[in-house]
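Worksheet for the structure shown next.
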């Protein structure tokens, strides 16, 4: 009876909270730490929330603090969070031969920002295939690279861990300095960049591109074209990456680096990491200039694309926002993108998501400015990184107060589930207004 009274958004949020609780308990066990001591539940909850939200912020060094058991727990949470836990439930249900209910399809559709639920089962299988294909290829390349430096078993483990962490845009690393030691490695930089972009671009975009290129059309049908959503993602992604790379490169012009190649690799890697909300870094974020940090804050706020493993308000949301501004200034009655009319409901959702995100960030800034001993830029950077589920930090994460850890844990959860989904969860079921009220006039601007 209780299940029937909950909305899909409430069930989705409740599912994430349940997994976080289980993960926190497992990480707080003595077997999860390398020295056999128990981690405080607050710290364990922070890391578990960071893992399931694929953020990457951590109060301890993952590689040295946790045992193999603890690292595997984190990796499983990252994989579950990256794909969305509903994917695993759906696959189990389908394997058992049970027909997925309409409510289950709606929850999965909300979890993945997926196509209409008529295609949800096929789409879920495609996501599983896409994920493990990219993760396998990434693990193979990284393992072969690290075999030159580490024993075979350890190199394979490093390859698997970092491949999953990259594709799921988590940014957890087993190295103390993250990926800084490999800033001049073209193999590591390019492979992780590819995994981050493919994970953050959205499963639906990859699915649509595959269908457009390889799915055969029936005789008499016109060739399939890319959907409006896919086109907008493919336009926004290079714009953000190129702009971010250029600004970071100019900002860190005076940073001591051996060559132009290293500077370019670092700038591209940092822009990709922030834009895809991954959180890997080949540069000490705490030493970056204000211009570079501001650029990264903007990239982290915008984030990745819908239906992927990344966070932020999403590239399409920001794209709609900019397009709406242009449409209003041009005095157009409707918003047209790629010769397609965008509904007012979609525009309202875009504005609501961006507004809620800004209000949440402002609230967090007010709280952490009281509880934390850090500069304003450090606090803003940490909060936006948590909301965007990025995981990049200027170095203040380990010294956060208990209040700060709780606030950022809630922020990471909201960033993963989505501001609107959290709002819908609080609001409950929608009630139709029986009366249509007359229009009222309000002056704006």
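Table for the structure above
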read-out	value
Extreme residue, nearest to the chain's Cα centre (by Cα), among residues of segment 364-381 that are over 13 Å from residue 286 (Cα atoms) and part of a loop (DSSP other than H, G, I, E, B)	372
Top-ranked residue of segment 19-48 - restricted to ones that are assigned to a helix (DSSP H, G or I) and in contact with a strand residue (DSSP E or B) (Cβ under 9 Å, 6 or more places away or on another chain), ranked as farthest from residue 409 (Cα to Cα)	32
Residue in segment 309-322 that is surrounded by fewer than 24 Cβ atoms within 10 Å (Cβ to Cβ) and at pLDDT below 90 present	no
Given (1) in contact (Cβ under 8 Å) with a residue 24 or more places away in the chain; (2) under 26 Å from residue 45 (Cβ atoms); (3) crowded, with 19+ Cβ neighbours inside 10 Å, index of the condition residue 403 fails	(3)
Criterion: over 20 Å from the mean Cα position of the chain (by Cα) and either in a helix (DSSP H, G or I) or within 19 Å of residue 60 (Cα to Cα) (or both) - qualifying residue of 328, 390, 410, 384	328
Which listed residue, of 283, 293, is in contact (Cβ under 8 Å) with a residue 12 or more places away in the chain, surrounded by 19 or more Cβ atoms within 10 Å (Cβ to Cβ) and not in a helix (DSSP H, G or I)	283
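One line per residue, one yes/no per condition, for (1) within 24 Å of residue 270 (Cα to Cα); (2) assigned to a loop (DSSP other than H, G, I, E, B):
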site: 149; (1), (2): no, yes
site: 156; (1), (2): no, no
site: 161; (1), (2): yes, no
site: 174; (1), (2): yes, yes
site: 177; (1), (2): yes, yes
site: 184; (1), (2): yes, yes
site: 199; (1), (2): yes, no
site: 205; (1), (2): yes, no
site: 211; (1), (2): no, no
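The values are calculated or read from the model by the stated rules, or taken from the named source; none is laboratory data. Bear in mind the structure is a predicted one, so any value in this text is a computation, not a measurement. Please note: Cβ atoms are built from the backbone with ideal geometry, for glycine as well, and neighbour counts cover all protein chains shown.
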